[in-house]
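A quick write-up on the structure given underneath.
The values are calculated or read from the model by the stated rules, or taken from the named source; none is laboratory data. Worth saying up front: this structure is predicted, and the values here are computed from it rather than measured. Please note: Cβ atoms are built from the backbone with ideal geometry, for glycine as well, and neighbour counts cover all protein chains shown.
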Number of protein chains: 2
Amino acid sequence: MESRIDRIKKQLSGASYKLTPQREATVRVLLENEEDHLSAEDVFLLVREISPDIGLATVYRTLELLNELNVVDKIQFGDGVSRYDLRQEGAAHFHHHLVCIECGAVDEIQEDLLEDVEAIVETKWNFIIKDHRLTFHGICYRCQEK
Amino acid sequence: MESRIDRIKKQLSGASYKLTPQREATVRVLLENEEDHLSAEDVFLLVREISPDIGLATVYRTLELLNELNVVDKIQFGDGVSRYDLRQEGAAHFHHHLVCIECGAVDEIQEDLLEDVEAIVETKWNFIIKDHRLTFHGICYRCQEK
DNA sequence: ATACGTGCAAATCCTTTGCAAGGAT
DNA sequence: ATCCTTGCAAAGGATTTGCACGTAT
């Protein structure tokens, strides 16, 4: 069976980019931390554990590249840094986020939930939707228990 | 009748802040450009036309203050700058945005549309929603005509 | 040989902060 | 006199860029 990383390799070579060791290490870190919403700095520190000589600029360049290929989505929650989120394979739409204003945790919602809303927006505003970003800010179940 | 700016004045004084000439000029610029999504730099350039001696830092401090008082919402569309959007009076929720990937235009949707989705999120994920951000990326009606 | 990718350092951009001075109460 | 606010300049943090050096074809 073809692995996730194999398919990402193909996407890279399909766009005539090489899968260098640095790029592979970066992709592996993203795969291994799929639940998190890593900043470039976060990725850099993790990649350096595998590939100690990598430079921060290379990580930025790789993340930018993966973003252009739609392998990752670049998101901002308003804390001043960009975060990079692996796009689910086969997902028609970007998933949603729950940001806790108490503890800062970011949880994901994989369900679509927006089908009806999108239908309304497309007809009523005559807007062709290609992607969306939906984030809820509030209090997560963990902080409610405290 | 009480004007919009009067009510904003009251919000400021209610939180024991003064409405200085610089702050008033900044608020006026926001009111006069309510349709746009101005960056701090944009606001600064416009305020300087009214109040030429204002400093950029003052504009940043005022926008930060207005954000804390929920007079404006600070938003990021991913182009590297924060933008400031006047909150609709009496609006329970933040409005939504349509970002055109062709021409860059940002249109607003004032309708809520998310009531059903929020009900699902609150019960199914046990998350208390305080605010939300919803942005659609796609092609606006103007660019479709071209 | 040629083109691509890298690490490093410098540069850039946006935003925040320190501080002395101005203004209101 | 005290407290808040300001403008300016400097500092800060995140990201990008220039460049000489590899490395693979």
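Among residues belonging to the range B:105-136 that are among the polar types (S, T, N, Q) and at the interface with chain A (Cβ under 7 Å from one of its Cβ atoms), point out the one that is nearest to A:D131 (Cα to Cα).
Our first condition is that a residue be among the polar types (S, T, N, Q); within the range B:105-136, this holds for B:110, B:123, B:126, B:135.
Filter again for at the interface with chain A (Cβ under 7 Å from one of its Cβ atoms), leaving B:126, B:135.
Values: B:N126: 26, B:T135: 9 Å.
Only one residue fits best here, namely B:T135.
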Residue satisfying condition, being away from DNA strand D (no atom under 14 Å from the Cβ) and more than 20 Å from A:S82 (Cβ to Cβ), within set B:L86, B:L69: B:L86
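For (1) within 13 Å of DNA strand C (Cβ to nearest atom); (2) closer than 26 Å to A:H97 by Cβ, each residue gets a yes or a no:
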{"site": "A:M1", "(1), (2)": "no, no"}
{"site": "A:S13", "(1), (2)": "yes, no"}
{"site": "A:P21", "(1), (2)": "yes, no"}
{"site": "A:S39", "(1), (2)": "no, yes"}
{"site": "A:L45", "(1), (2)": "no, yes"}
{"site": "A:D53", "(1), (2)": "yes, no"}
{"site": "A:Y60", "(1), (2)": "yes, yes"}
{"site": "A:L66", "(1), (2)": "yes, yes"}
{"site": "A:Y84", "(1), (2)": "no, yes"}
Checking the conditions here, which among B:D36, B:D53 is within 29 Å of B:T135 (Cα to Cα) and either near DNA strand D (Cβ under 9 Å from one of its atoms) or not basic (K, R) (or both)? B:D36
Any chance the range B:112-132 includes a residue that's within 16 Å of DNA strand C (Cβ to nearest atom) and among the aromatic types (F, W, Y)? no
Please work out which one of (1) touching a helix residue (DSSP H, G or I) at 6+ places or on another chain (Cβ under 6 Å); (2) modelled with pLDDT of 95 or more; (3) more than 10 Å from every other protein chain (Cβ to nearest Cβ) is the condition B:E64 fails and give its number. (1)
Just one of the numbered conditions (1) surrounded by fewer than 16 Cβ atoms within 10 Å (Cβ to Cβ); (2) closer than 25 Å to A:D131 by Cα is not true of B:H97; which one? (1)
Looking at the range B:116-124, is at least one residue away from DNA strand D (no atom under 16 Å from the Cβ), charged (D, E, K, R) and assigned by the TED database to the domain that holds B:A40? no
In the range A:96-114, is there at least one residue being assigned to a helix (DSSP H, G or I) and among the β-branched types (V, I, T)? no
